[in-house]
1. Mind telling me which of the residues LEU367, LEU376 ends up being surrounded by fewer than 17 Cβ atoms within 10 Å (Cβ to Cβ), of a type in the set (A, V, I, L, M), in contact with a helix residue (DSSP H, G or I) (Cβ under 7 Å, 6 or more places away or on another chain) and more than 28 Å from TRP244 (Cβ to Cβ)?
2. When you check ALA208 against the structure, is it touching a strand residue (DSSP E or B) at 6+ places or on another chain (Cβ under 6 Å) and open to solvent by less than 30 Å² (accessible area, probe 1.4 Å), yes or no?
3. Is there any pair with a first residue in segment 352-370 that is closer than 23 Å to GLU324 by Cα and a second that is acidic (Asp, Glu) and loosely packed, with under 13 Cβ neighbours inside 10 Å whose Cβ atoms are under 9 Å apart and which are 6 or more apart or on different chains, and what are they?
4. When you scan segment 171-271 for strands (runs of 3 or more DSSP E) that lie fully inside it, which ones turn up with 3 or more residues that are closer than 28 Å to HIS155 by Cα?
5. Please work out which residue is least open to solvent (accessible area, probe 1.4 Å), limiting yourself to segment 32-71 and to residues that are over 17 Å from GLU9 (Cα atoms) and of a type in the set (D, E, K, R).
6. Consider only pairs whose beta carbons are under 9 Å apart and that are at least six residues apart or on different chains; among these, list those whose first residue lies in segment 262-276 and is buried (at least 18 other Cβ atoms within 10 Å of the Cβ) and whose second residue is in a helix (DSSP H, G or I) and among the polar types (S, T, N, Q).
7. State which residue pairs qualify: first residue under 25 Å from LEU333 (Cβ atoms) and inside segment 283-312, second residue open to solvent by 80 Å² or more (accessible area, probe 1.4 Å) and assigned to a helix (DSSP H, G or I) in any location, beta carbons under 7 Å apart, and separation of 6 or more residues or different chains.
8. Taking the conditions exactly as written (over 28 Å from the mean Cα position of the chain (by Cα) and either of a type outside the set (Phe, Trp, Tyr) or modelled with pLDDT of 95 or more (or both)), does VAL64 satisfy them or not?
Amino acid sequence: MPGTSSALETEWSLLRAACSTAGSEARLDRLRSLLGSPIRWKSLSDLAGHHGVQPLLCQALSGVDQVPQDEMVALKQSYQTNLHKALFLSRELIRIVESLSTSGIDVIPYKGLALAETLYGDIALRQSGDIDLLVRAINVPRIKQVVRELGYEPHAPLSPAQERAYLRSGYEYAFDGSAGRNLLEVQWAIQPRFYAVDFDLEGLFRRAVTVTVAGHSMKTPSSEDLFIVLALHAAKHVWGRLIWLSDLARIITLRELNWEWIGVQAREIGIVRVLRVTLALANRVLEMPIPAAAEENLPEDPAACPLVEEIEAFLTSDSTYDVESFSYFKLMLRLRERRSDCVRFLSRLIFTPGPGEWAAIRLPQPLFPLYRLVRLSRLAARLVRG
């Protein structure tokens, strides 16, 4: 595969097979065939951890007699560690959601535990990281007060003026808890404003459905909204982890998915190419058939093909994207099919200051508008260095 070290080609293929949506018999045959080759188990474990698929790898290899006993023990230990963290996060999620609900604040858990329960049917089958909540921007100050009483403090505190600006231009607040840093993230937008994807979050709240997480009912995005939201999240990170494609592949295979609605939304906000690249990557990496309805409502895009090749090579390599680099921003522009969205992206990127500018220079509140000049100067300096 492009970008894959020949030394890890078998290990990468094992991960792909473990995450495949193919039938159990076909997947088992594929795994047994791959296990006939020498396996670098430490490299496989590290690769699985990096891509967030250790639990899926453990599940896929359980009962396969070709796996050495000590390696299976190590996989099961990793699975148990993830299970314990998932149970802890479940307790915290329930505590946070119930406290916010009591305060009259609507929140929608997504990714993480809610996603594991919805798509995999088991909170332990998705590698646990943090708690992600979609919220309304207007509620963020109250949410900070509620979660502070539960032991959560902002990871990077902002001044009142900075917070007002950040609620307009940013999209998430991270909180540290007693059990770790960035344990809770609340998001009032799908991406930062400069990405120029003006997604209707209020509509997402209206369309939310009820799911059960660890025995407690709570809201989560509809399958159609979830596909769009997760595709945008993966695109923002250049689809850099296999678990993101695994999640999306499982949504794509849902028979009741309304592709006509997804197509309409994608055209309205200008992300047809993002979704088309997502479909192609899930097809190439996880051998997931693209539904006919998806083909009809998200038609082929000649500009998507080279992007898929490039991103697949990145996904299967050891490299990482510098999300502050000009090559990254150029890629984000190539992912948009409308010139108007590219213009909005560039103008917002250039003229929207953020935490980096606020940390670089301390300006009194009356001079806060001058941070746009600070933003321009920092971008110019980066251009000269690059």
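1. Working: LEU367 fails: in contact with a helix residue (DSSP H, G or I) (Cβ under 7 Å, 6 or more places away or on another chain).
Every option except LEU376 fails the conditions.
2. Details: touching a strand residue (DSSP E or B) at 6+ places or on another chain (Cβ under 6 Å): yes; open to solvent by less than 30 Å² (accessible area, probe 1.4 Å): yes.
Taking the combined requirement at face value, the residue satisfies it.
3. Within 9 Å, the pairs are GLY356/GLU324.
4. Numbers: elements: 172-177, 180-187, 209-213, 216-220.
Correct list: 172-177, 180-187, 216-220.
5. Residues of segment 32-71 that are over 17 Å from GLU9 (Cα atoms), as a first pass: 52, 54-56, 58-71.
Then keep just the ones that are of a type in the set (D, E, K, R); that gives 65, 70-71.
Details: ASP65: 133, ASP70: 102, GLU71: 52 Å².
If we take residues in segment 32-71 being over 17 Å from GLU9 (Cα atoms) and of a type in the set (D, E, K, R), then GLU71 is least open to solvent (accessible area, probe 1.4 Å).
6. What qualifies is ILE262/ASN297; GLY263/ASN297; ALA266/ASN297; GLY270/SER340; ILE271/GLN265.
7. Pairs found: ASN297/GLU260; LEU307/ARG334; VAL308/ARG284; GLU312/ARG284.
8. Values: over 28 Å from the mean Cα position of the chain (by Cα): yes; either of a type outside the set (Phe, Trp, Tyr) or modelled with pLDDT of 95 or more (or both): yes.
Here the answer is yes, as VAL64 does meet what is asked.
The values are calculated or read from the model by the stated rules, or taken from the named source; none is laboratory data. Remember, it's a predicted structure, so these values are computed and weren't measured experimentally. Reconstructed Cβ throughout: ideal geometry from the backbone, glycine too, with neighbour counts over all protein chains shown. These accessible areas exclude ligands, DNA and RNA; they are computed on the full protein's heavy atoms, side chains included. Shrake-Rupley method; radii C 1.70, N 1.55, O 1.52, S 1.80 Å.
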